[in-house]
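Reviewing the structure listed below.
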Amino acid sequence: MFSARRFAANCSMLFGDVPVLEQAARAAAAGYDMVEFWWPFERSVPDDAEVTRFVEAVGAAGPQVIAMNFTLGDAVAGERGIVSDPARIAEFREHLDVLAGIVARLGVLRCCVPYGRVPVGRRLSAHQETAIANLAVASDRLRTVGAVPMLEPLSGVADYPITTAEAAEDIAVRVDSALGRAGTVGILADLYHLAANGADIEAVLRRHIKRIVHVQVADFPGRHEPGTGRLDIDRYLAVLNELGYHGHFALEFVPSPGDRRST
């Protein structure tokens, strides 16, 4: 039912125990010809030499990069994105320039935009307005290099407003309206996060299939490889196939000891 060409390795999780510049090669050695990455740099705006080293290492390794993330900001400090932060618009736009350059050089198809935490006491409306404006700019910019931004409902992050597909859809529709075209922002459907947030996964897939542009797979609970938890992943992939989803399935799980898919 599913061609091997539709499955990709999330290098940042499956091969997170090796340096970033070695991850694509490790994925290729494990048999993957498609990969994805979280933001692979410590800073939102790395210097040109860092970017070149990453692009050249991935290019030499061979796998196609089908997706990558925008920056989390200061991940060590607990940040989970900057697109909605009114105080960091300039940083986001500079970051977008760097990311768009990588997308163009590697042929990346989709870019996940972490929304960012909105602590109690901050105005949600101001963050939402900033996110819509920044996503509009990002959508137009990425469109010129053949990619689309996407929002991902997350679990386990305090003060994170995008925890459901409905919340992601609402923002995406507002960006569509701002730009006067459909499909400006896609949804990344991560089966693990949907399960962790208590969603009816099949209902989510059916309701939002027109907006879903990418799917990530990990079992629940535990976020390990399929078959280690209780999710009926084969059924969900069959539903996506039935609904006409033609995108990829990225394996974004924490490998169990001895799991051959990450060695």
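Values in this text are rule-based calculations from the coordinates and carry no lab data. Keep in mind the model is a prediction, meaning the values are calculated, not measured. Positions of Cβ are backbone-derived with ideal geometry, glycine not excepted, and every protein chain shown enters the neighbour counts.
Taking the Cα centre of the chain as origin, sum charge times position over the Cβ atoms of Lys and Arg (+1) and Asp and Glu (-1), and report the length of that vector in debye to the nearest 20.
The calculated dipole for the chain is roughly 500 debye.
How large is the helix-only mean residue ellipticity at 222 nm for the chain, computed as the sum of -39500 (n - 2.57) over DSSP H runs with n ≥ 4, divided by its residue count, in deg cm²/dmol to the nearest 500?
Numbers: 9 runs with 105 residues, N = 263.
That comes out to -12500 deg cm²/dmol.
Test of understanding: what is the full-extension gain from S177 to A203, defined as 0.36 nm times their sequence separation minus their Cα-Cα distance?
6.8 nm
Is the shape of region 101-259 rounded, prolate or oblate, going by the alpha carbon gyration tensor and its root eigenvalues a ≥ b ≥ c, with a/c under 1.5 for rounded and a/b larger than b/c for prolate?
It is prolate, given that a/c is not under 1.5 and a/b is the larger ratio.
Sort the following peptides by mean Cβ neighbour count (other Cβ atoms within 10 Å, averaged over residues), highest first: 202-214, 8-20.
8-20, 202-214
Please sort 185-192, 160-167, 134-141 by packing, taking for each peptide the average over its residues of neighbouring beta carbons within 10 angstrom, highest first.
In descending order of packing, they fall as 185-192, 134-141, 160-167.
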